[in-house]
1. With a point put 7 Å past each Cα toward its Cβ, work out how far TRP224 is from LEU397 in nm, to one decimal.
2. Can you give the net charge of the other residues whose Cβ lies under 9 Å from the Cβ of PHE433, counting K and R as +1 and D and E as -1?
3. Quick one: Karplus J couplings for the stretch 412-421, per residue in order, coefficients 6.51, -1.76, 1.60, θ = phi - 60°, nearest Hz, x for Gly and Pro?
4. What distance in nm separates the simple spin-label points at LEU342 and ARG285, each placed 7 Å from Cα in the Cβ direction?
5. Can you work out the accessible area per residue across the stretch 393-440, with the rest of the protein chains kept in place, probe 1.4 Å, in square angstrom?
6. Counting only Cα atoms, I'd like the Rg/Rh figure for the stretch 344-422, Kirkwood definition for Rh.
7. Please compute the Kirkwood hydrodynamic radius of the stretch 100-202 from all pairs of different C-alpha atoms, in Å with one decimal.
8. Order the peptides 115-124, 401-410, 179-188, 132-141 from the highest to the lowest mean number of other Cβ atoms within 10 Å of their residues.
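The values are calculated or read from the model by the stated rules, or taken from the named source; none is laboratory data. The structure presented is a predicted model; accordingly, all values stated were derived computationally and were not measured. All Cβ positions, even for glycine, are placed from backbone atoms using ideal geometry, and neighbour counts span all protein chains on display. Areas reflect the complete protein model, heavy atoms only, side chains present, ligands, DNA and RNA absent. Shrake-Rupley method; radii C 1.70, N 1.55, O 1.52, S 1.80 Å.
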Amino acid sequence: MVKAPMPDRCAGRAASEFRADSKVRGHPATLAWPAAWRRFRPEGSALAVPEFRRFWIALIVSNIGSWMQLVAQGWLILELTNSPFYLGLFGLLRSIPALTITLVGGVVADRFDRRRILLLTQVSAAALALLLGVLDLAGLVRIWHVLAIAFLSATVMAFDNPARQSLVPSLVGRERIASAVGLNSAAWNSAAVVGPSLAGLLVAAAGTGGAFVLNGLSYFPVIWAVWTIQPAQAQPRPRTGLAQNLIAGLRFIRSDRRIWGLLTMLAVPTLLGRPYLQLMPVFARNVLHADASGYGLLMGTNGLGALLGALAVGATGSRHGKGKRLLLVSAAFGVTLVAFSLSHWFLISAALLLLVGASQTMMMGLTNTLLQLNVPEEVRGRVMSVYTLIPMGFMPLGTMLLGSLGEYFGVPLVVGVAALLVVAFAALAYQAFPDVRGLP
């Protein structure tokens with residue numbers, strides 16, 4: 001297939017933005033829409049860009065497969081070992097690459113063609129999932145296979161995530177970044193509602209191997225979608241080494257108060273607030289006295305709230321005042337989490353989880369949007385690698401911290417105090433980060 005050369009990216013606009021504008025502007029269906037619905041019109045959405053639309057639909061399929069594999073892996077580990085220790089070891093092995101390699105992945109995303117990086121990582125992830133599925137279906141799988149493949153898959157994702165995050169602005173253009181961020185988050189969170197349910201049905205009917213094989217196949221739509229993206233114009237490769245590039249990226253983050261403030265405002269709530277999700281079984285069983293189905297309902301409600309929050313980010317992305325809105329949703333995340341930690345009634349807890357899930361996803365989505373809007377292209381991969389590192393690395397550390405304290409003081413009390421600290425930090429950040437507060 002012969003690909004047409006990309007138009008000149010003058011005035012800082014992506015070539016895909018010009019293509020999308022020319023295809024949707026003036027369409028009778030869009031001109032007839034009421035003014036009140038303008039922000040939902042096709043030309044205002046990242047889905048108006050064909051390349052992003054194909055990529056987004058493929059991501060939904062792949063994300064459902066990823067959630068299926070995550071659920072099936074936990075079940076398989078228990079079947080093989082009947083030991084919670086190996087579940088913890090599984091989580092640790094998945095977090096090590098996030099903490100140690102993700103920053104390198106950001107440097108690679110800034111030095112090489114992000115499209116080619118994604119092709120390589122998606123093919124590698126598919127091969128690993130299919131390998132685990134074949135071993136399982138053949139009855140040859142052992143615990144070390146599961147752990148080794150989990151570690152290798154996390155290593156692949158440490159390179160995949162920064163490249164994927166950095167590719168989005170070049171596909172949709174600056175005006176649609178908020179829409180793209182919201183849609184990507186919605187793709188992940190909708191899969192978080194559907195994937196585990198499908199995995200439970202599939203594992204019960206056919207065993208865990210089928211879930212692994214389906215996940216491996218789910219990567220192929222993404223591979224096809226990335227293949228259809230037009231290659232970007234070749235950029236001069238830096239003459240400095242990887243280490244120098246990494247240090248330069250970290251120095252840029254430290255020197256820009258907006259970027260430093262945004263990442264700090266994400267790191268603290270992630271460390272102190274987001275571990276509630278891993279501690280949810282304690283709330284379900286010991287506080288709300290629910291069974292496994294009740295636990296599943298709580299998780300599904302949280303996922304639904306996260307999906308609604310992601311859609312809200314995309315729908316309101318063109319409005320000004322994103323910096324102030326970020327501070328408000330950060331405080332709302334802490335307040336609703338405090339209320340959840342105090343609740344002993346199942347329905348009230350479920351309703352609060354809807355708000356907790358929505359506010360935390362809006363916090364992450366707004367942070368992502370503001371970073372994409374304010375980061376220069378030449379350091380985008382390195383900055384987005386730090387953004388990726390925070391939830392992938394800080395969340396397991398926070399879970400370890402809150403879980404250990406919860407052994408002595410009780411999980412609800414520890415989660416409630418940590419949530420109060422999130423609220424206090426949001427109030428402090430309002431004064432400490434005026435550059436973030438003033439972001440449009």
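1. Distance between the two pseudo-spin positions: 4.1 nm.
2. On the way: positive: ARG257, ARG258, ARG437; negative: ASP435.
Summing Lys/Arg as +1 and Asp/Glu as -1 gives +2.
3. Here the 3J(HN,Hα) series is x, 5, 5, 5, x, 5, 4, 5, 4, 5 Hz.
4. 2.8
5. On the way: 2540 Å² over 48 residues.
So the stretch 393-440 comes to 53 Å² accessible per residue, rounded to a whole number.
6. Details: Rg = 16.3 Å, Rh = 15.0 Å.
Looking at the stretch 344-422, the ratio lands at 1.09.
7. Working: mean 1/r = 0.0638 Å⁻¹.
It is 15.7 Å.
8. Packing proxy ranking, top to bottom: 179-188, 115-124, 132-141, 401-410.
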